[in-house]
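The numbers here are math on the coordinates, done by the rules we state, and not lab data. Just so you know, these numbers come straight off a predicted model, no measurement behind them. Note that we place each Cβ from the backbone using ideal geometry, even for glycine, and neighbour counts take in every protein chain shown.
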Amino acid sequence: MPGSARTMAVCTVGGLVVATAYTVALGANGWLWFSWVVLALVTIGMVAARPV
């Protein structure tokens, strides 16, 4: 995995941890989860588009 895709993957996992912690502590926030889903889709796109 190229460096930029690896960085995006780490940010996505970190975002999942933050979103989960926020939800547990303060309750669900739809925009937070929507943002995380968009980040995850961009990350998947970057990984899928990498040169073989």
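Which order do peptides 4-17, 24-37 fall in by mean Cβ count within 10 Å, highest first?
With the highest mean Cβ count within 10 Å placed first, the list reads 4-17, 24-37.
Any idea what angle helix 30-48 forms with the longest principal axis of the chain, computed on alpha-carbon atoms, 0 to 90 degrees, nearest 10?
The answer is roughly 10 degrees.
Measure nothing but the geometry: give the 0 to 90° angle between the long axis through the Cα atoms of 3-26 and the longest principal axis through the Cα atoms of the chain, rounded to 10°.
10 degrees
Where does the chain land at 222 nm, in deg cm²/dmol rounded to the nearest 500, when only DSSP H runs of n ≥ 4 count, each adding -39500 (n - 2.57), divided by all residues?
My calculation for the chain gives -29000 deg cm²/dmol from helical runs alone.
Could you work out the relative contact order of the chain, using alpha carbon pairs under 8 angstrom and six or more residues apart, expressed as a whole percent?
Once normalised by length, the contact order is 55 percent.
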